[in-house]
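All remarks here apply to the structure that follows.
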Amino acid sequence: MEHLIPVLMVVGMVAFILIKQIGKITTKLDTFSKEDSHNRYAQFSSVIQEHVRAIKNSLDSTKMVEERPYLLREGKEETEALEILSDYIRKLVFFETLMAKQKNAQEIEAELFEILNGLENFLKTYCVDGETLSETLRDRLLEAYETL
C-alpha cells in the first residue's frame, strides 16, 4: 500500500504531461493544415487570375494579342466586360492577402465558387461560343487545382 501512492502520483503526472503534449501537437497540426489550405487557395486564386487576365487581354481591343480565343458577342459593351473581369481579378487578389487567412475554409470555398460561377456565366453571356469556352476553362482549372 505504501508503494501504491507514489506509483499513482507518478502515473498521474505522466498522464498529465502526455495530455499537455498531445494538445500542443494537435494545435500545431491544426495550424499547419490551416496554413496549407490557405496557401493552396492562394495558389489556386493565382491560377484563376492568370486565366481571367488572358480573357481580359483577348477581349481588350487596345491590346495586341497574337491569338484571340475569346471574342466579344455582338451588342456587348467592351468596357463593361473589361470592368467585370477587373472586378473578378480584384476579388481573387484578396485570397493572396493576410486578410484571407482570417476566413475559414468553407467561407473561402464559397467565395471562390461564387467567382468561378460568375466567370462561367460571364463567358456564356459575353463571349462568342461561351458554352464551349466555359467548359474548357472549367477543365483547365480543375486540372490546375488537382496539381496543387
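The values are calculated or read from the model by the stated rules, or taken from the named source; none is laboratory data. None of these values were measured; they are calculated from a predicted model. Backbone-built Cβ (ideal geometry, glycine too); neighbour counts: all protein chains shown. The protein model used for the area step is the full one, side chains on, heavy atoms only, and it has no ligands, DNA or RNA in it. Shrake-Rupley method; radii C 1.70, N 1.55, O 1.52, S 1.80 Å.
Things to note:
- Whole-Å semi-axes of the range 34-147's equivalent ellipsoid (Cα gyration tensor): 27, 14, 12
- Candidate cross-link partners of residue 101 among the aspartates and glutamates, defined by an alpha-carbon separation under 17 Å and a same-chain spacing of 8 or more, comprise 30, 35, 36, 109, 111.
- Only protein heavy atoms count here; on that basis, with a 1.4 Å probe, residue 122 has an accessible area of about 10 Å².
- Annotation: per residue accessible area for the chain equals 70 Å², rounded to a whole number [probe 1.4 Å, protein chains only].
- Here is how the number arises for the chain: DSSP H runs of 4 or more residues each give -39500 (n - 2.57), the sum is divided by the residue count, and the result at 222 nm is -27500 deg cm²/dmol.
- Between residue 71 and residue 94, the modelled labels are 3.5 nm apart [label points 7 Å from Cα along Cα→Cβ].
- Listed pairs 76/124; 56/91; 56/103 exceeding 23 Å between Cα atoms: 56/103
- Between residue 17 and residue 132, the modelled labels are 7.0 nm apart [label points 7 Å from Cα along Cα→Cβ].
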